[in-house]
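Derivation of every value follows stated rules applied to the coordinates shown; laboratory data play no part. Keep in mind that this is a model prediction, so the values were computed, not measured. Because the Cβ atoms are built from the backbone with ideal geometry, glycine has one as well, and the counts that use them run over all protein chains shown.
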Amino acid sequence: MSRSRLLPLTGILAAVAAWQLGVSLHPSSLIPGPIAVARGIGELAVRGLLVKYVVASLFRVTWGYLTALIVAVPLGLALGLRRRAEAAINPVLQVLRPISPLAWIPIAILWFGVGDLSAIFLIFLASLLPLTVATMNAVHNIDPVHLAAALNFGIPLRARITRVLVPAILPQLIVAMRIALGVAWLVVVAAEMIAVNSGLGFLIVDARNAGNRYDLVIAGMVLIGAIGIVLDLLMRRIERLDSVRWGYAAE
């Protein structure tokens, strides 16, 4: 294994060792050590809750994020190409964008009740606005010569979009997708603490209320962080595809 791959592992091991040392020096602390947290994760696995909660959270993120992606990319392309449409709609986007998705929780519960739809709606909102704005800005950053050349050659609009426009914005779009996925994962955890009765966010709240099971609280936090890293690594793999790799600096 290369040194570059060992360094992150070394940092994690050092953090775990410091965590265990801190707990050992303060045994009266309510914060459990890594061994107790590992036992808590094992307990969740034995009870069948580990897979259930992880799948529930990933299910909500998948539907909310993909739905936002399907809506945001065509909308961003349309706004980027049509300046009048952008002038009309962009102010609305800029007003909505600073509003935290969590502020929509009461509205989501009012519209969809307590359940999956509320969480999916919040994830959709959290992903939609940044993806739309990023796509629109990516279109603006394209060299106009490329689009003008395609137009001069008589290439139809659909072909110009699929063969010129989309390949040109892919590097910037992938970065926006990566950021939006991280935000979506944050939002689902927060939404599950209020609007649903399953998932990793619910696990943290339920463990706190059920007899101060802080080992399970920390276990939920560890699982959230680990899954977040995996999701980010999957998105970084997309950046290595030949069709988008040209847009990044050489490593």
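Here is how the numbers come out for the structure above:
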| item | result |
| --- | --- |
| The lone exception for Pro98 - which of (1) exposed (fewer than 12 other Cβ atoms within 10 Å of the Cβ); (2) within 19 Å of Ile194 (Cβ to Cβ) it fails | (2) |
| Residue within the stretch 90-108 that is part of a helix (DSSP H, G or I), of a type outside the set (S, T, N, Q) and under 20 Å from Ile161 (Cα atoms) present | no |
| Filter result for the condition that a residue is under 26 Å from Leu223 (Cα atoms), in contact with an Asp or Glu (Cβ under 8 Å, 6 or more places away or on another chain) and of a type outside the set (S, T, N, Q), over Ala119, Ala126 | Ala119 |
| Any hit, the stretch 21-44, residues being under 20 Å from the mean Cα position of the chain (by Cα), surrounded by 15 or more Cβ atoms within 10 Å (Cβ to Cβ) and of a type in the set (Gly, Ala, Ser) | no |
| Residue within the stretch 140-151 that is surrounded by 14 or more Cβ atoms within 10 Å (Cβ to Cβ) and outside any helix (DSSP H, G or I) present | yes |
| Scan of the stretch 112-139 for residues that are more than 11 Å from Val188 (Cβ to Cβ), of a type in the set (A, V, I, L, M) and in contact with a helix residue (DSSP H, G or I) (Cβ under 9 Å, 6 or more places away or on another chain), ordered by number | Leu117, Leu125, Leu128, Leu129, Leu131, Val133, Ala134, Met136, Ala138, Val139 |
| Subset of the stretch 24-49 (residues that are more than 13 Å from Ala207 (Cα to Cα) and assigned to a helix (DSSP H, G or I)) | Ser24, Leu25, Pro34, Ile35, Ala36, Ala38, Arg39, Gly42, Ala45, Val46 |
| Residue that is nearest to Met136 (Cα to Cα) [pool: residues in the stretch 88-106 that are within 20 Å of the chain's Cα centre (by Cα) and hydrophobic (A, V, I, L, M, F, W, C)] | Leu93 |
